1. Which peptide among 60-67, 299-306, 195-202 comes first, and what is the full order, when sorted by highest mean count of other Cβ atoms within 10 Å?
2. At 7 Å along the Cα-to-beta-carbon direction for both ASN150 and ASN174, put a label point, then send me their distance in nm to one decimal.
3. For segment 121-209, compute Rh as the Kirkwood radius over C-alpha pairs and then the Stokes-Einstein diffusion coefficient at 25 °C and 0.890 mPa s; write the answer in µm²/s, rounded to an integer.
4. Roughly how many percent of the accessible protein surface of segment 100-210 is carbon and sulfur, given a 1.4 Å probe and a whole-percent answer?
5. Once whole DSSP H runs in the chain are found, which of them have Cα atoms spread over 20 Å or more along the helix axis and a mean Kyte-Doolittle score of at least -0.5?
6. Where only protein heavy atoms count, and the probe is 1.4 Å, what is the accessible area per residue for segment 1-112 in Å²?
7. If each of GLU41 and LEU62 carries a label point 7 Å out from its Cα toward its Cβ, how far apart are those two points in nm?
8. Could you tell me, in Å, what Rg and Dmax come out for the Cα atoms of segment 211-273?
Amino acid sequence: MKPTILVDPFPRTMELIFSKDKLNYLKSNYKLIKRIKHTEEDFYNKNISEAKFIIGQPTLKLSTLKKAKKLRAIFNVESNFLHNMDYNFCKKNKIHVLSTSPVFAQPVAEMSLGLLLSIARSIHIAHNDFINKKEKYGGEISQKNFLIKNKTFGFIGFGDLAKATLPLIKPFANKILAYDPWIPKTQMKSKNIYSLSLNSVMKNSDIIFIFATSTSTNKAMINHNNLNLMKDNSTILIMSRATVVNFRDLYKFLKNRNVFAGIDVYPKEPFPKNHPLRKLKNVIFSPHRAGALDEVFKEMGEIVIQDIKLISSGMMPRNCKKAELKTISQIISKPVDIN
């Protein structure tokens with residue numbers, strides 16, 4: 001009989017994350033059981049005993065997990081590790097809990113660079129002026145523009161997003177700084193990156209990327225105390241978890257300082273229409289779309305299938321991100337509900 005995969009990928013769909021060929025491969029080689037009408041608890045209680053893989057991010061009680069005698073892996077395709085199952089039990093019973101988050105690293109890195117370049121040269125402003133027939137030729141709107149060459153770049157968080165951004169900025173960087181208490185300094189040094197405190201990175205960088213994961217200890221760690229350390233004419237790009245930034249302090253800071261910002265993530269989405277941050281001229285906005293590309297979602301399906309094949313062959317998964325027991329309890333992820 002074909003091995004069973006339980007299919008429950010919301011907010012994704014199978015058609016979103018798998019190409020037609022890949023979806024046909026799964027249908028040909030596995031028995032796919034979709035959760036449609038059942039409640040989550042009833043669906044897994046009924047079917048988990050036969051499942052070899054789960055594509056989804058269900059909340060699983062320990063009593064349900066104990067029925068999973070054949071289960072080899074849970075593929076979280078929403079891509080945030082949640083506190084929705086007993087990770088210790090999964091590890092002890094050789095059930096891999098995997099996330100497809102690595103697929104977002106490159107698109108977020110490229111969007112970060114795009115926002116930075118638009119800020120540096122007022123690309124978005126010049127475009128809007130042009131379509132409104134108010135364009136200003138020559139250097140009239142370039143008084144506050146700057147080159148990104150020979151700048152000091154800073155990373156707050158040095159995970160997948162920062163590592164994907166690193167080769168994009170190296171040709172421009174004079175020096176690269178980073179703050180990440182989870183990454184050994186020796187690892188930073190091997191990449192010619194200076195591992196510094198949060199305040200030192202904020203104070204000494206010309207361009208700062210906020211890539212930190214939300215944890216139980218870093219909520220609103222970017223606040224008025226360290227924002228006010230930033231240089232005049234510097235730039236901050238908020239591209240990962242909005243919860244690490246105090247947006248009230250951010251608004252007050254950007255309103256009163258000659259600092260630029262690019263923002264892709266927000267504490268509440270959709271972002272309130274009447275929020276005063278929207279009126280600031282030194283901010284460029286992106287509605288949480290840095291990673292939202294069809295080819296990226298299809299890559300998500302690709303790495304799921306690659307790891308299914310590896311696990312089915314008795315090998316370890318190598319493409320999706322593994323849940324780590326030493327950090328999973330500290331991560332506080334807000335799941336998305338819009339693709």
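The values are calculated or read from the model by the stated rules, or taken from the named source; none is laboratory data. Model, not experiment: these values are computed from the prediction. Virtual Cβ from ideal backbone geometry, glycine too; neighbours counted across all protein chains shown. Surface areas here come from the heavy atoms of the whole protein model, side chains and all, with no ligands, DNA or RNA. Shrake-Rupley method; radii C 1.70, N 1.55, O 1.52, S 1.80 Å.
1. Ranked by mean Cβ neighbours within 10 Å, highest first: 299-306, 195-202, 60-67.
2. Placing both labels 7 Å along Cα→Cβ, they lie 0.7 nm apart.
3. Approximately 166 µm²/s, per Stokes-Einstein.
4. Percent of accessible area from carbon and sulfur atoms in segment 100-210: 54.
5. Span-like helices, by this rule, are 105-121, 294-312.
6. Per-residue value: 49 Å².
7. 1.7 nm
8. Calculated on Cα positions, Rg and Dmax stand at 11.4, 32 Å.
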